[in-house]
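The values are calculated or read from the model by the stated rules, or taken from the named source; none is laboratory data. This is a predicted model, so every value here is computed, not measured. Virtual Cβ from ideal backbone geometry, glycine too; neighbours counted across all protein chains shown. The area values use the complete protein model at the heavy-atom level, side chains included, leaving out ligands, DNA and RNA. Shrake-Rupley method; radii C 1.70, N 1.55, O 1.52, S 1.80 Å.
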Amino acid sequence: MLPDLDVIGFRFGVHYGDLWGHRGITHSLLFAAVIGTLCGALLGKSLRERWTLALLLSAITASHGVLDAMTDGGLGVAFFSPFDPTRYFFPWRPIHVSPIGLPAAFSRRGLGALSSEILYVWPAAILTGALLYAFHARQKRAESPGTPKPAP
């Protein structure tokens, strides 16, 4: 949800289509890489863990913009900001855009957006999480001394 902090800009006169506007630089791949790298550096213990976390957290942050580019509203996502302000949507846009603001999120339109997210986003997120968990568990078993390794 971090990229959506850009909506605070509306209160300060930042327009939707501006560099710091909604779905602008905070939805860019550069922002995702910077946030992922900073968080990985702060949270990781070893150099390997830091880079692993940096890649994972960058991908997670970038997924926000990818999902926003699959919505049916707004101006698109500035993936390459600040170098290119062009905003993009994907050709397949099954997710209903969520209205901005907490009260609006519980309106009929907001609940419709949540329904489309449950249908299109949640299954993919659950599957991705399960695969990452299984991969991580397998890695842990392989690194543990004295643990029999699974047959290939």
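Per residue, the solvent-accessible area of the chain (1.4 Å probe, heavy atoms of protein chains only, all protein chains present) comes to 68 Å².
For the chain, the carbon plus sulfur part of the accessible surface works out to 71%, probe radius 1.4 Å.
Remark: the residue 49-residue 19 segment gains 7.5 nm on full extension, using 0.36 nm per residue and subtracting the alpha carbon distance. Potential lengthening of the chain between residue 11 and residue 140 amounts to 41.7 nm, from the contour at 0.36 nm per residue minus the alpha-carbon distance.
When Rg and Dmax are taken over the Cα atoms of the range 63-145, they come to 17.3, 55 Å. Here the peptides 111-120, 31-40 are ranked by packing, the mean other Cβ count within 10 Å, and the order with the highest first is 31-40, 111-120.
When Rg and the Kirkwood radius Rh are both evaluated on Cα atoms of the range 8-106, their ratio Rg/Rh stands at 1.04. Between residue 30 and residue 111, residue separation times 0.36 nm minus the direct Cα-Cα distance comes to 26.0 nm. Taking 22 Å as R0, compute the FRET efficiency from the Cβ-Cβ separation of residue 1 and residue 132 and round it to 0.05. The calculated FRET efficiency here is 0.65.
Near residue 88, the amide H atoms lying under 5 Å from its own belong to 77, 78, 79; only residues 5 or more places off or on other chains count, and H is placed 1.01 Å from N. Dipole orientation for the chain: of the candidates 52, 95, 105, 52 has the Cα lying most toward the positive pole (charges on Cβ; Lys, Arg +1; Asp, Glu -1). Summarising the label geometry, the points placed 7 Å from Cα in the beta-carbon direction at residue 104 and residue 60 lie 2.7 nm from one another.
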